[in-house]
Amino acid sequence: MIKGQKTAVVYDKWLDTLGGGEVVACNMARILKDLGYEVIFVCGKKISPKKIKLTLGIDLSDIKFEEVWNDEAKLRKIVLGKDLFINISFMDYSFGYAKKNIYYTLFPTEPYVNLKGKIFTEIILPLASKIIKPVEFIYEQPLTEIKNGNLAYPLEKPVKIAFSYLDKNKTYVLKFSLFLENFYFNLFNKIDYHIIEAEIINKQIKIDHYHNVIHFYIKIKPQSSTIYLEIIPPQNLKPTHLLEKDKLYLLYPKIMNSKMPDILYKSVYEKINTRLRAGLFINILERLKSYQLILADSEFTKKWVKNYWKREAEVLYPSVDLLFEKYDLSKNKKRNWICNVGRFFTLGHGKKQEVLIEALKKLYNLGYKDWELHLVGGLGKEPSSLKFAEYLKKQNKGYPIYFHFNVPRKKVEEILLKSKIYWHATGFGEDENIRPIKFEHFGIAPIEAMSTGCVPVLFNGGGLPDTINSVRLDPNLHLFNTIAELIEKTNYQILHYQTQSQKINQLYDKLTQNYDKKFFRKNFIELIK
């Protein structure tokens, strides 16, 4: 570090998802670096700057990355004494230990100050964390398969798994098993595994020849609240006359500190793992006092910050990649395409692709057989997301509906450029007063779509009406509440496409004023000063 150089830490636990929040985090890191800060980017799982640039179009190749997963003590060591700490990790309320601390919220967590909430957050979750130690794949999680009735992860490349909420004063048993379809003893000597951030006290290995499984029981003492198991599979497994290559699988890795039966353990684990992996944070409001400034990504989020946290927030709209600045739209030829961009998952604010599929089928049956629906977005390897994607694919049978999973940024832009209409249904069927988190808090994709000339038809909830109002479009033509309204307003946009398209093309100045990267940079710099 250069003497006198300012230091900053940007913390985005969920960087590997490369979603809208990650666009904000990466842009902040880039701006700080350009301002002369020494920047450390802390994330739960490292991904390469090359992938960030390919997917988000942001170059972070000159920025240092640190990997921290549910380990507040380790995060504190990195942040302590730095000039600036920006936490943009959804549902992570780690204390701020820098000279200036900023929390950028994509949506606030309800602090649960009532009796029911206190019981859940201060009694049930902490007790659960003593029994259930969440399992998190730090490297890319392999696709799951079922072997001998158990979830199995094929080991075709190294895996690294985090186990959190451990007590450094206790000992635990780390258990994992390896299954080989065609077992041979020589494999035993080829398995390379490491346990990181823990002392190995002793280990026991049992071989089940009947089921072709090797069981590992390793007694450990943690040196940190989060430890890691890394398994490196043999490079060349012995070929057999039946298979070109024997497949090696990892079965049910877990930390045991109780004698709870496996069947009961698994049922409890499934219910509590998702909640615990986001972090265990008691007294959210007290933790937020360590932040001098709260930023919100939209007026909708600001409203709920005030409602939940009783704090005023400054709105800093995410910067949006306005594609009319990148492409000559006069040479762009539109097709009879409707598109949507959003991750395929069911947790948090799911993007409701099932609603759009239903609407397209009804539109098709009304006679619009030459119109196509293109659904674009990231698809993770967690079982719930994969099941959701399979369900969606079954629903589109016989209709012109196309899926584009995990495609490069260039492909996303190509689909937006070719589409005439953009649909967005996040929040559909939800009650804002009960679960506001289920709504679109801001919505980068609809703005990107408009910047290519797409006519938007968006769900009337969350931050989406703010987007329509910010560019002064008529809500009566561009917002819907029911599937019938979505079809009715889409029908109107198709019949009046030339006129409506010209109106969208006249919005580019308004989009620039609100969402341009230069606008984001200017506002961000003013706020950190």
For a quick check: with amide H placed at 1.01 Å from N, whose amide H comes under 5 Å from E136's, ignoring anything fewer than 5 positions away on the same chain? A162
Using the crude model of +1 on Lys and Arg Cβ and -1 on Asp and Glu Cβ, and no other charge, please compute the dipole size for the chain relative to its Cα centre, in debye to 20. 620 debye
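So, by mean Cβ neighbours within 10 angstrom, what's the order for 223-230, 86-93 with the highest one leading?
Numbers: 223-230: 18.8, 86-93: 24.2.
Ranked by mean Cβ neighbours within 10 Å, highest first: 86-93, 223-230.
At R0 = 30 Å, how high is the FRET efficiency between K333 and K393 if r is their beta carbon distance? Nearest 0.05 is fine. If you can, show how the numbers build up before the last one.
Details: r = 29 Å, r/R0 = 0.95.
Taking R0 as 30 Å, the efficiency between K333 and K393 is 0.55.
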Would you indicate which of (i) 20, 50, 28, 2; (ii) 21, 46, 26, 7, 0; (iii) 18, 39, 26, 11, 3, 2, 0 is the value of P(r) over Cα pairs in 20 Å bins from 0, in percent derived from the coordinates of this structure? (i)
How much net charge surrounds E430 when only other residues with a Cβ under 10 Å from its Cβ are counted (Lys, Arg +1; Asp, Glu -1)? +1
I want the local charge near S501. Using Cβ-Cβ distances under 11 Å, sum +1 for each Lys or Arg and -1 for each Asp or Glu among the other residues. +3
Sorted by Cβ density within 10 Å, fewest first, the residues F344, F480, F85, F65: F65, F344, F480, F85
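From Cα pairs below 8 angstrom and at least 6 apart in sequence, can you work out the relative contact order of the chain, rounded to a whole percent? Each step should come with its number before you reach the end.
Numbers: 1003 pairs, mean separation 67.5, N = 529.
In percent, rounded to a whole number, it is 13.
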Using only the Cα atoms of region 323-515, construct the convex hull and provide its projected area averaged over every direction, in square nanometres to one decimal. 10.5 nm²
Computed E for Q502/D59 - FRET, C-beta separation, R0 25 angstrom, nearest 0.05: 0.10
Tell me, in nm to one decimal, what length is gained between K50 and V407 on full extension, where the rule is 0.36 nm per residue of separation less the Cα-Cα distance? 127.0 nm
State, to one decimal in nm², a quarter of the convex hull surface area for the C-alpha atoms of region 282-405, i.e. the direction-averaged projected area. 11.8 nm²
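Starting from the Cα gyration tensor of region 1-84, take the square roots of the eigenvalues, sort them a ≥ b ≥ c, and report rounded, prolate or oblate (rounded when a/c is under 1.5, otherwise prolate if a/b is larger than b/c, else oblate). Don't skip to the answer; put the middle values down first.
Values: a/c = 2.08, a/b = 1.19, b/c = 1.75.
Because a/c hits 1.5 or more and a/b fails to exceed b/c, region 1-84 counts as oblate.
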Taking K310 as the anchor, which lysines have their alpha carbon closer than 19 Å to its alpha carbon, excluding any fewer than eight residues away along the same chain? K118, K289, K302
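Given the DSSP H assignment, sum -39500 (n - 2.57) over each helix run of at least 4 residues in the chain and divide by its residue total; what's the result at 222 nm in deg cm²/dmol, nearest 500?
Numbers: 18 runs with 171 residues, N = 529.
Rounded to the nearest 500, the figure is -9500 deg cm²/dmol.
Return a whole-number percent for the relative contact order of region 283-385, with Cα pairs under 8 Å and 6 or more residues apart as the contact set. Don't skip to the answer; put the middle values down first.
Numbers: 89 pairs, mean separation 24.0, N = 103.
This gives 23 percent for region 283-385.
Bear in mind that the values in this text are calculations on the coordinates, not laboratory data. Bear in mind that the values here come from a model prediction, so they are computed numbers and not experimental data. Using ideal geometry, Cβ is built from the backbone for each residue, glycine included, and neighbour counts are taken over all protein chains shown.
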